[in-house]
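I have placed the structure first, in the form of structure tokens, so that the comments after it can refer back to it.
We did not get these values from a lab; they are worked out from the coordinates using the rules stated. Here the structure is a predicted model, which means the values were calculated and not measured. All Cβ positions, even for glycine, are placed from backbone atoms using ideal geometry, and neighbour counts span all protein chains on display.
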Amino acid sequence: MFPEIQPYQTSTLKVSDVHTLYYELSGNPDGTPVIFLHGGPGGGCDEKDRCFFSPHKYKIILLDQRGSGKSTPTASLEDNTTWDIVKDIEKLREELKIEKWHVFGGSWGSTLALAYAQSHPDRVKSLVLRGIFTLRKSELRFFYQDGASHLFPEAWEEFIAPIPEPERHDMILAYHAQLNSADEDTRINAAKAWSKWEMATSKLYVDPAHVARAEDDQFANAFARIENHYFVNDGFMRDGQLLEEQEIDKIRHIPCIVVQGRYDVVCPATTAYALKKVWPEITLHIVPDAGHSSREAGNAKLLVEATNQFADL
Ligand SMILES: CNCC(=O)c1nnc(C(C)(C)C)o1
């Protein structure tokens, strides 16, 4: 990855009566623009997200989506849907007077990138995607009900601990009740347990520093509440919508590179492969020694190679 840099501009954009979004610009003000779409949803951006792009070639735009990161009000679920964020991305593009831009996103960021591109294909120069996630019921079931639990039994035991046995047949719904409880301690304890499950399973080799992020009250609250809100609503999409041939036909012409960890248990390779089957024009790299995280060496290396390759488009 490129060395860490600081933004040359930070700002906010009011997108509704409720939501004001934080965004920042770094790299080359006259470079080719790229929008970075963070994961979660609710994960927010961090300073290392700037490092996937050449600071000489790219005007790097990081956006904290509704309720995420430095956007306000934090963790707000009001007017917070996939399609509200797609509209926000367009508002930001117009605010920055950008005609077309590269789009980069991993995990939920890949979901949002596909939803944005299928909604506004004429605004997308290229797509670099990692850990493909399309919010199908099968994907949610694998990670939150019966799948990843077989590979990380000790972390799974901690994940189910706050949930009474009779409610464990639907973990997303059970957590929805606790994440929206009237009791603040119940909410934050559930948010930390939800977040810890994802942080503990995001890398092939468990990273204690990554897991420790789940102990940050503000991060955990936003990450857990917003993720769970989207998942109980199936991402506000038809099941499999982003993989439908009619939707892929809208973006088939857009250059796209996908980086997918072989041992990604959060967003397993089966979805990236399903995308390749319906969109054979994409380049799909399955990284033999990586999991879900963009920061794992094998994933990061190919992501940087992809942004370097697309910079001159
Ligand atoms: C199911 N959510 C996967 C996702 O989008 C995601 N995984 N980790 C992240 C952060 C790096 C933002 C914490 O986001």
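What are the residues in the stretch 173-187 that are of a type outside the set (D, E) and either surrounded by fewer than 17 Cβ atoms within 10 Å (Cβ to Cβ) or without any contact (Cβ under 8 Å) to a residue 40 or more places away in the chain (or both), if any? Across the stretch 173-187, the qualifying residues are L173, A174, A177, Q178, N180, S181, A182, T186, R187.
W197 meets all of the listed conditions (1) within 16 Å of the ligand (Cβ to nearest atom); (2) over 26 Å from P288 (Cα atoms) but one, namely (2).
In the stretch 66-115, the qualifying residues are those that are more than 22 Å from V232 (Cβ to Cβ) and aromatic (F, W, Y), and the one that is nearest to the ligand (Cβ to nearest atom) is F104.
So which of Q309, Q241, Q246, Q218 is closer than 18 Å to G109 by Cα and not acidic (D, E)? Let's see the steps before the verdict.
Working: Q309 fails: closer than 18 Å to G109 by Cα; Q246 fails: closer than 18 Å to G109 by Cα; Q218 fails: closer than 18 Å to G109 by Cα.
Going through Q309, Q241, Q246, Q218 in turn, the sole match is Q241.
Among the candidates K48, K91, single out the residue that is in contact with a Leu (Cβ under 7 Å, 6 or more places away or on another chain) and within 27 Å of L242 (Cβ to Cβ).
Details: K48 fails: in contact with a Leu (Cβ under 7 Å, 6 or more places away or on another chain).
On inspection, the qualifying residue turns out to be K91.
Within the stretch 266-313, being touching a residue at least 60 places away in the same chain (Cβ under 8 Å) and more than 20 Å from the chain's Cα centre (by Cα) holds for D289, N308, F310, A311, D312, L313. Condition test on I61, is it of a type in the set (A, V, I, L, M), more than 18 Å from A224 (Cα to Cα) and either free of Cβ contacts under 8 Å to residues at least 40 places away in the same chain or in a strand (DSSP E or B) (or both)? So I61 fits the description; yes. T134 meets the conditions (1) loosely packed, with under 15 Cβ neighbours inside 10 Å; (2) under 16 Å from H292 (Cβ atoms) in every case but one. The failed one is (1).
Does F236 fit the bill of being of a type outside the set (D, E), within 13 Å of the ligand (Cβ to nearest atom) and closer than 30 Å to R123 by Cβ?
Spelling it out, it is not the case that F236 is of a type outside the set (D, E), within 13 Å of the ligand (Cβ to nearest atom) and closer than 30 Å to R123 by Cβ.
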